[in-house]
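The values are calculated or read from the model by the stated rules, or taken from the named source; none is laboratory data. Model, not experiment: these values are computed from the prediction. As a convention, Cβ positions derive from the backbone with ideal geometry for all residues, glycine included, and neighbour counts pool all protein chains shown. Heads up: the accessible areas ignore ligands, DNA and RNA and are worked out on the full protein's heavy atoms, side chains in. Shrake-Rupley method; radii C 1.70, N 1.55, O 1.52, S 1.80 Å.
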Amino acid sequence: MAHQTPLGSSASHVSCLDLWREKNDQLVRQAKVAQDSSLPMRRQQLAQDALEGLRGLLCSLRGLPATVSVLPLELTVICNFITLRANLAQGFTEDLAQDIQQGLERVLETQGQLEARLEHGLWGLWDSTLRVSSLLPELLPALHHLAGLQAALWLTTNRLGDLTLLLQTLTVSQSRASEDMLLLLKTWRPPAEESDAPLTLQDARGLRDVLLTAFAYRQGLQELITGSLPKALSSLHEAASGLCPRSLLVQVYTALGTCLRKMGSPQRALLYLVAALKEGSTWGPPLLEASRLYQQLGNIAAEIESLELLVEALSITRIPEARQLLIEVELLLPQPDPASPLHCGTQSQAKYLLASRCLQTGRAADAAEHYLDLLALLLDGSEPKFSPPPCPPGPCVPELFLEAAAALIQAGRAQDALTVCEELLSRTSFLLPKRPRLWEDARRRTKESPHCSHWVSATHLLQGQAWVQLGAQKEAISEYSRCLELLFRATPKDKEQGPQGLLPAVSRGVRQIWHYNSFRQLPSLVVDWNGWPLARIPKPYRTSFSVCRCAQTLRRLDRRDEATALWRRLEAQTELPQENTAWSLPLYLETCLGWIRPPDRETLCEEFQTSGDS
């Protein structure tokens, strides 16, 4: 014991520093061994053991007074600990910010300036630390490394103001006045580490490259969403040329394709989409964008094929690639946003997109099959409740039933359409009030009943059309009558009721379809409703019914020119809004209206003028 060196002596200090450095290097090597392991469980265990070892080493270093000679190692251990922990947690947490703060406080402690910055928060700490760093050149590599981790944390939490100030301070001699984040990141030159410096999992320059790519991609995607297309193109090119892993390169190329398509360069866009498909196995986003591109070009066959491949791609369960134990670009990106043009959704959402596009492009037989497949998927999920129409990318479940029924009718499968309608009625009709006087109370109590009434009325409308296709006029008249009765009870007073004016749009669509059928296919329906007093008919419909009755009377009196003029007046009243207005119709009603589009309307007037009494 007499020959042992006291703990406080210089020789003991150097000896401990060497041991701590050796421990740091051993833990970094252990983490890199874990990174190369092909066994997930062993990889996780080795990485976790390395993390705990770094935590213990950091506690040992913090147990001593802060000294300039030990701080380079201590800051390096902090950087390794934060890097490994953020990777294992797949994100930055608040306690990592505390580790950064303690590291900065230790630097200021060596200069006796700790109290001067307490009221300024984390940015005040950085400002004070970087001001004194010129007096501590041996700390600069580790401080820049720590600053890179701080930049990553602020980027993921959208504290871009603080991040800009930090980068301006780090690049004070090059671009102090600049607020361009990309320029600041490009200008930032972290000092090179000495050859005998402690080992790091990731050096400051590599972290700077990751930050540059991540910010360029984030900014490019945001500019794409907001419509700043030239700026988006520049930012995305910057991301593609940076430290971009293959999985992210697929996203970047797809975003470039989207940007070029919107800028009117479809051929260049297609080249990027092909490159995205070749780059990796994440095929969903480029296939979805390819379908949009082909739709814009009017190539329906290629659009449908792209959507079919999209459905197939989303049905494949892929094993994610093992990530490196570093701060990677993906770690600094926000969670996928459903509003993003790169969001391709789930397999069922892609299946709906395929079915609806088939229906819109006249591929009724294919649309019917896709809708039936989609309904089978949804019914297997046993959804107990239907909610009001949600946000994109698809409609609510009742509207899927209605679109499926419309597709089946379009495909000549009226009996199957009736089956689908009956299934929908069994799930929704019980939600309707049983007595007319309860309707107003129901509208005040819940938002579901008004939507439900229009779903049910549209169901009866489609059932009526199916019976017409089957040649069963009596059943058709009955279904159309039920449709009108529900519309009359549930007509909204507020024309903006429902998402984007859905309810009035449905009312007007059903009304226009009914007018057509009442005069051409089922003239006795008007006669059946002629006995209704106008007081029982809602105001939005009274004029139309008065015109209907008057036109029927004029036709029986053989005053066909006057009757035709009244019909044209009725047509003008029931014209639907243009497509660019908020009153766009649901797809199932658009499909119904497609059955009576011109030239049918013009020939209808001629038939009305020449036909005999009903």
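If you bin all the Cα-Cα distances of segment 302-356 at 5 Å, starting from zero, the percentages per bin are 4, 16, 19, 20, 17, 13, 8, 3, 1.
Using the alpha-carbon positions of segment 150-208, Rg (one decimal) and Dmax (whole number) come out as 12.6, 36 Å. Rounded to the nearest whole angstrom, the semi-axes of the ellipsoid equivalent to segment 23-112, taken from the Cα gyration tensor as √(5λ), stand at 27, 14, 9, largest first. Rolling a 1.4 Å probe across all protein chains gives HIS144 an accessible area of roughly 20 Å². Fully extended, how many nm does the chain gain between HIS343 and HIS237 (0.36 nm per residue separation, minus their Cα-Cα distance)? Gain on extension, HIS343 to HIS237, equals 36.2 nm. By accessible area, using a 1.4 Å probe on protein heavy atoms only, segment 42-88 has 53% of its surface on carbon and sulfur. With a threshold of 28 Å on the Cα-Cα distance, the over-threshold entries among LYS262/LYS351; LYS231/LYS278; LYS278/LYS351; LYS23/LYS186 are LYS23/LYS186.
Protection proxy ranking for 248-259, 95-106, 61-72, using the average of other Cβ atoms within 10 Å per residue and placing the highest first: 248-259, 95-106, 61-72.
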